[in-house]
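To start, the structure itself, in structure tokens.
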Amino acid sequence: MHFTSEQILDEGITEREFTLGDLGDLRGILWTPPAASSSAPVPLILMGQPGGLGMGRMYPRLLARARAAAAQGFAAVSIEPPGAGDRTPLPGAEHARAELIRAISAGERPSDDVIDRLILPLVEKAVPEWQATLDEVLGLPEIGEQVGFSGGVIAIGVRLAAIDPRIAAAGLFAGSYVPRATLEEARRVSIPLHVLLQWDDDGNDRGMALDLFDAFGSTEKSLYANMGGHTGVPHFAGDEASRFFARHLGAAPVR
């Protein structure tokens, strides 16, 4: 892990950009609250983001989420998704995405094959990158052992929650299509879950999201559904997610 820049934001949050040399073009950003230190290490949130957009376009939203996490006493980290930004495109992703958009525009359900070709290569590459990032960040003295995953792509979060015991809780955004394999992996997830669903999301399959929620093996799982489309998540939904992570990662809850 090589830090390439560092700045202190107005709230006293430290923002550090980094690269992971062993993984070539992988870069990310780590935000730590002012109270974080080797004598008082803080929990960590892995902040997922949509595939294909890139951290440049997502930075304002990521920063807002990192600030909210810091206000609760959490550090936060996000990495450039495979195929996004300046990274090499994933083979076949552009064609599969075009097929998915074409099906949605025609009022049809995208085929399982299209969903698999679009999402599974992303999961296969992103999950090891998240684990490598976690290896490095957890080695920092100011970062504690409690880790949560927040956001999407939901198939990435499901895979991480199913295979990595360091993930203690996950707040997942049901805003993307789900491969068949992800439904099977969900049965192996046993950590506490908070799943956000936008009820009127035209670019998502509500029934598939509900099937995924039902498949999770967790004994503690909550579905938080709001009216509205993909980008219409109400601001107070973030408060509920903060309370969830505060319960399971140990920081002070939102009042």
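FYI, it's all coordinate maths here, none of it is from the lab. If you're wondering where the values come from, they're calculated on a predicted model, not measured in any experiment. Note that each Cβ is placed from the backbone with ideal geometry, even for glycine, and that neighbours are counted across all protein chains shown.
Rounding to the nearest 20 debye, state how big the charge dipole of the chain is about its Cα centre with +1 on each Lys and Arg Cβ and -1 on each Asp and Glu Cβ.
400
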Shape descriptor, the range 2-249: equivalent ellipsoid semi-axes (Cα gyration tensor, sqrt 5λ, whole Å, largest first) stand at 28, 21, 17
Rounded to a whole number, the Stokes-Einstein D of the range 106-255 in µm²/s (Kirkwood radius over Cα pairs; 37 °C; 0.692 mPa s) is 205
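With +1 on each Lys and Arg Cβ and -1 on each Asp and Glu Cβ, and nothing else charged, work out how big the dipole of the range 121-255 is about its Cα centre, in Debye to the nearest 20.
So the magnitude is around 280 debye.
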Among 32, 137, 82, the residue whose Cα sits farthest towards the positive end of the charge dipole of the range 2-249 (+1 at Cβ of Lys and Arg, -1 at Cβ of Asp and Glu, taken about the Cα centre) is 32
With the label point 7 Å along the Cα-to-beta-carbon line of residue 87 and a cut-off under 20 Å to each amide N, the hits in the range 1-15 are 1-5
Taking placed amide H atoms and a strict 5 Å upper bound, the residues 5 or more places from residue 171 or on another chain that come that close are 149, 150, 151, 194
Expressed in nanometres to one decimal, the distance between label points 7 Å along Cα→Cβ at residue 138 and residue 243 is 3.0
The FRET efficiency for residue 225 and residue 8, from their Cβ-Cβ distance with R0 = 45 Å and rounded to 0.05, is 0.75
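Restricting to DSSP H runs of at least four residues, report the calculated mean residue ellipticity at 222 nm for the chain, -39500 (n - 2.57) per run over all residues, nearest 500 deg cm²/dmol.
Calculated mean residue ellipticity at 222 nm is -12000 deg cm²/dmol.
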At the level of C-alpha centres, the distance separating the range 8-73 and the range 85-144, in angstrom, is 20
Between residue 233 and residues 5 or more places away or on another chain, the pairs with built amide H atoms under 5 Å apart involve none
